[in-house]
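The next block holds one structure in the form of structure tokens; read it before the comments.
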Amino acid sequence: MKKFFSHLKGDAFGGITAGIVALPLALAFGVSSGLGPSAGLYGAIFLAFFAALFGGTNTQISGPTAPMTAVSMVLIAGLLAIHEGDVSKSLPIILAVFILAGLMQVGLGIFGFGKYIKYIPYPVVSGFMTAIGLIIIITQILPAVGYYAGEDTALIEKHMPHAEEMLLNDILKEEAGEGILVLENFKETVDRASRITPEEMESEASILAGNSASGALGALKAIPRALQNINWLELLLALGTIIIIYGFKRITTAIPSTLVALVIVSGIAFGFGLDYRPIEQIPSGFPVPNMAIFTEFDFGNLMPYFFTAFTLALLGSIDSLLTSVVADNVTKTKHKPNKELIGQGIGNTIGALFGGLPGAGATIRTVVNINAGGKTRLSGMIAGVFLLLILLALGDIASQIPAAVLAGILITVGFGVMDYKGLKAIPALPKDIKIGPIKLSSEVLIMIVVLLLSTFWNLVYAVGIGLIIASLMFMKKIGDLTALRSDVKSLKKEKAWADEADFPEKLKEEVFIKHLKGPLFFGSTSEFQALADQIPITAKTVVIRLGRMQYMDQSGLYAMEDVLQDLSKRNILVLFVGLLKQPRYMMERIDIIPNLILKEHIFKDFDSCLNWIKSNVKDEF
């Protein structure tokens, strides 16, 4: 306990400073997610506190981040569309997915997966991060110019027929649930339809209009209309915010420029009584658990979003552990990756119970904490408590922040999160694949695929597809390299190994040697299967040297069986040299040994094999 409070002053300064930096970002991420500023603030409070308390990185400051918010935004938009924009109906399943993601993170930590996160290919991460930046920038253009599709009268009118169709469809579903046959009692359908008010029609059309501009693709389609309906005050507020954020950094970095922009622009807008659009009202008082998660829980409704939860868990883990590495480099310490994942998972789970957005370790906030004096886990806990005090004391004031200010903040976040290092490297990467007449780098291809699919289709599926492509390309490269190293050649063409130098010259037409160097797995089986066709008609015996083949998978096992069967049909005897434990175990399981290879034809070293050859193979050519 004494050690815990040994750096109280530094931890207090670090935690409070990090909390100040986190405040505007938490509000902005909450607004952009679709759940409102309170969701971002609640996520920052609980994740910062509990991730620090249970985590494995002393100076880590956690909270909602751009990547986690972008994935959450996709989930939230989809569920809001299903529930006709009703947040109260959508919230239980949304928070249940967040809780599941948190529990998955805890599971990743408990089962020791922290050390495997580093194997996520860089092109996948790079394409994803750049896509996150683009999504944030594109989606924040509309609020930055003061355009809200759900309030566009002309667009609402355009969606009226679709709204009517949706309302009628709801009536038909209600009647089906009540056992009413529409064709037999159409009068009941007409009667219910007649009770639909113009206000209900307009509300449904407004929801549909708003949904049409959601996501990066929807926002891009809405931009031409937004530019025809610019609210110049909102645009000036957003531009003023962006200018101050970038400009103030040139003066000093001691005070967070994001907070300066928030205070100055919001103060001007509120102080001069300007007719701006404020953010959604932040609930006053201490956050309370959302019990609807449990009372309205349906496991069947949760299952379609299992992969989304896993993506959030994996992304949050990667984000947090990367920040942990940064913290290690600055503080010259060593984090505990699995413990960190457990802490992040607990924080996200508890935060979701209170309606908070999921998040991860935040690099900028962590570095700010360290530079301000934070040294122990207490600094992250103080950051969470500080944000809670802000909520309790200044919640009503924070509700007066202009929405355009947060849009401006998010646009700078979007530019900041893009992976410029990966983008700059594109011209220098080797062009190792060819698609038609075009040569390009496989890593660039992966990056572009993930970038485009993430931005304009689905973040969750894009990551999965990127991982699959990266894995397939890696396996092809390894397979090609393995095949290249273990090419089948006669001893006259192939460079002999040192212990083969004294092989009898007169037997080199009858005996051919195959060197297997490296694993025989599904990525290298195709070339190996061609072995039987490459052995000339003069051969009577083939020696397969396996001392450097440490591993064989099931694909390699059956490839070996096919080759041995082909050689057996041609009456070619096969000898094994240096067969290792794992490949031997595999071959014994399906009776390659002893059905195709007799145990007496398996030699420990080449010298004993050579003695057998000299005694049993005759010179016939």
**Message:** Give me a comma-separated list of calculated 3J(HN,Hα) values for the stretch 423-436, in order, Karplus coefficients 6.51, -1.76, 1.60 applied at θ = phi - 60°, integers in Hz, x for any Gly or Pro.
**Reply:** 5, 5, 7, 3, x, 8, 6, x, 8, 9, 9, 10, 10, x
**Prompt:** What trypsin sites (Lys or Arg not before Pro) in the stretch 381-431 are in a loop by DSSP, with at most 16 other Cβ atoms within 10 Å of the Cβ?
**Reply:** Lys431
**Taking His83, His335 and counting other C-beta atoms within 10 Å, the order from fewest to most** = His83, His335
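Counting only DSSP beta bridges with both residues in the chain, what percent are antiparallel, rounded to the nearest 5? All intermediate terms of the calculation are to be shown ahead of the outcome.
On the way: 6 of 20 bridges.
Around 30 percent antiparallel, to the nearest 5.
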**Asked** What nm value, rounded to one decimal, do you get for the distance between Gln534 and Phe474 when each label is placed 7 Å out toward the C-beta?
**Response** 2.6
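What does the charge count near Asn611 come to, summing +1 for each Lys or Arg and -1 for each Asp or Glu among other residues with Cβ under 14 Å from its Cβ? Mind dumping the intermediate values first?
Numbers: positive: Lys604, Lys614; negative: Asp499, Glu500, Asp502, Glu600, Asp605, Asp607.
Once positives and negatives cancel, what remains is -4.
Computed FRET efficiency, Cβ-Cβ of Tyr122 and Phe299, R0 35 Å: what is it to the nearest 0.05?
Working: r = 37 Å, r/R0 = 1.04.
According to the calculation, E is roughly 0.45.
With a cut-off of at most 10 other beta carbons within 10 Å, and DSSP calling the residue loop, which chymotrypsin sites (Phe, Trp or Tyr not before Pro) in the stretch 231-308 qualify? Please list them. Numbers along the way, then the final one.
Details: sites: Trp232, Tyr246, Phe248, Phe270, Phe272, Tyr276, Phe294, Phe297, Phe299, Tyr305, Phe306, Phe307; in loops: Phe272, Tyr276, Phe297.
Sparse-neighbourhood loop chymotrypsin sites (Phe, Trp or Tyr not before Pro): Phe272.
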**Item:** Extension reserve of the Glu175-Phe307 stretch, reckoned as 0.36 nm per residue once the Cα distance is removed
**Value:** 44.1 nm
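Calculate for the chain the 222 nm mean residue ellipticity that helices alone would give, adding -39,500 (n - 2.57) per DSSP H run of length 4 or more and normalising by residue count, nearest 500 deg cm²/dmol.
On the way: 28 runs with 397 residues, N = 621.
That calculation yields -20500 deg cm²/dmol at 222 nm.
Rounded to two decimals, what is the ratio between the C-alpha radius of gyration of the chain and 2.2 N^0.38 Å? Kindly include the intermediate steps, with their values, before the conclusion.
Numbers: Rg = 32.1 Å, N = 621, 2.2 N^0.38 = 25.3 Å.
For the chain, the normalised Cα radius of gyration is 1.27.
Near Ile132, within a Cβ-to-Cβ distance under 14 Å, what is the net charge of the other residues, with Lys and Arg +1 and Asp and Glu -1? Don't jump to the answer; show the numbers that get you there.
Values: positive: none; negative: Asp319, Asp419.
So the environment of Ile132 carries a net charge of -2.
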**Prompt:** What spacing in nm lies between the two simple spin-label points modelled at Glu157 and Asp432, each 7 Å away from Cα in the Cβ direction?
**Reply:** 5.9
**Asked** Which of the listed residues, Ile478, Leu467, Thr455, is farthest toward the dipole's positive end in the stretch 427-483, when Lys, Arg count +1 and Asp, Glu count -1 at the beta-carbon?
**Response** Ile478
**Request:** Set Lys and Arg Cβ to +1 and Asp and Glu Cβ to -1, take the dipole of the stretch 498-616 about its Cα centre, and tell me which of Phe603, Ala559, Gln534 lies farthest positive.
**Result:** Phe603
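Cα gyration tensor of the stretch 281-371, axes a ≥ b ≥ c as square roots of the eigenvalues: rounded (a/c below 1.5), prolate (a/b > b/c) or oblate?
Working: a/c = 2.95, a/b = 1.63, b/c = 1.80.
Judged from the Cα gyration tensor, the stretch 281-371 comes out oblate (a/c at least 1.5, b/c at or above a/b).
By the gyration tensor of its Cα atoms, with a ≥ b ≥ c the square roots of the eigenvalues, what is the shape of the stretch 495-621: rounded for a/c under 1.5, prolate for a/b over b/c, or oblate? Before the final figure, lay out the partial values.
On the way: a/c = 1.60, a/b = 1.44, b/c = 1.11.
Prolate.
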**Request:** With everything on Cα atoms, drop me the angle between helix 378-398 and the longest principal axis of the chain, reported from 0 to 90° to the nearest 10.
**Result:** 30
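Among 351-357, 337-343, 388-394, 59-65, how do they line up by average Cβ neighbours within 10 Å per residue, starting with the highest? Don't jump to the answer; show the numbers that get you there.
Details: 351-357: 27.0, 337-343: 23.6, 388-394: 15.9, 59-65: 32.7.
With the highest mean Cβ count within 10 Å placed first, the list reads 59-65, 351-357, 337-343, 388-394.
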**the stretch 498-616, dipole about Cα centre (Lys/Arg Cβ +1, Asp/Glu Cβ -1), debye to the nearest 20** = 160
**Message:** Full-extension gain between Thr331 and Asp605, please, as 0.36 nm times their residue separation minus the C-alpha to C-alpha distance.
**Reply:** 93.4 nm
**Asked** Mind listing which chymotrypsin sites (Phe, Trp or Tyr not before Pro) in the stretch 103-155 are in a DSSP loop and have 13 or fewer other Cβ atoms within 10 Å?
**Response** Phe111
**Fill in**
Given unit charges at Cβ for Lys, Arg (+) and Asp, Glu (-), the dipole magnitude of the chain about its Cα centre in debye, nearest 20, is 3360
**Message:** Nearest 10 degrees is fine. How inclined is helix 606-616 to the longest principal axis of the chain, computing both from alpha carbons?
**Reply:** 40
**Asked** Let a ≥ b ≥ c be the square roots of the eigenvalues of the Cα gyration tensor of the stretch 427-483; is it rounded (a/c under 1.5), or, if not, prolate (a/b larger than b/c) or oblate?
**Response** oblate
**Fill in**
Residues other than Gly63 with Cβ under 14 Å of its Cβ, Lys/Arg counted +1 and Asp/Glu -1, net out at 0
**Fill in**
Here FRET efficiency (C-beta to C-beta, Leu8 to Phe111, R₀ 56 Å, nearest 0.05) is 0.95
**Complete:** Among Trp232, Ile242, Gly112, the residue whose Cα sits farthest towards the positive end of the charge dipole of the chain (+1 at Cβ of Lys and Arg, -1 at Cβ of Asp and Glu, taken about the Cα centre) is Gly112
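Take each of the peptides 280-292, 95-107, average the number of other beta-carbon atoms within 10 Å over its residues, and list them starting from the highest. Walk me through the numbers before you get to the answer.
Details: 280-292: 14.2, 95-107: 23.5.
Ranking, from highest mean packing down: 95-107, 280-292.
Readers should treat all values here as calculations from the given coordinates under stated rules, not as data from a laboratory. Small disclaimer: the values here were computed from a predicted structure and weren't measured. Every residue, glycine as well, gets a Cβ built from its backbone with ideal geometry; the counts of neighbours run over all protein chains shown.
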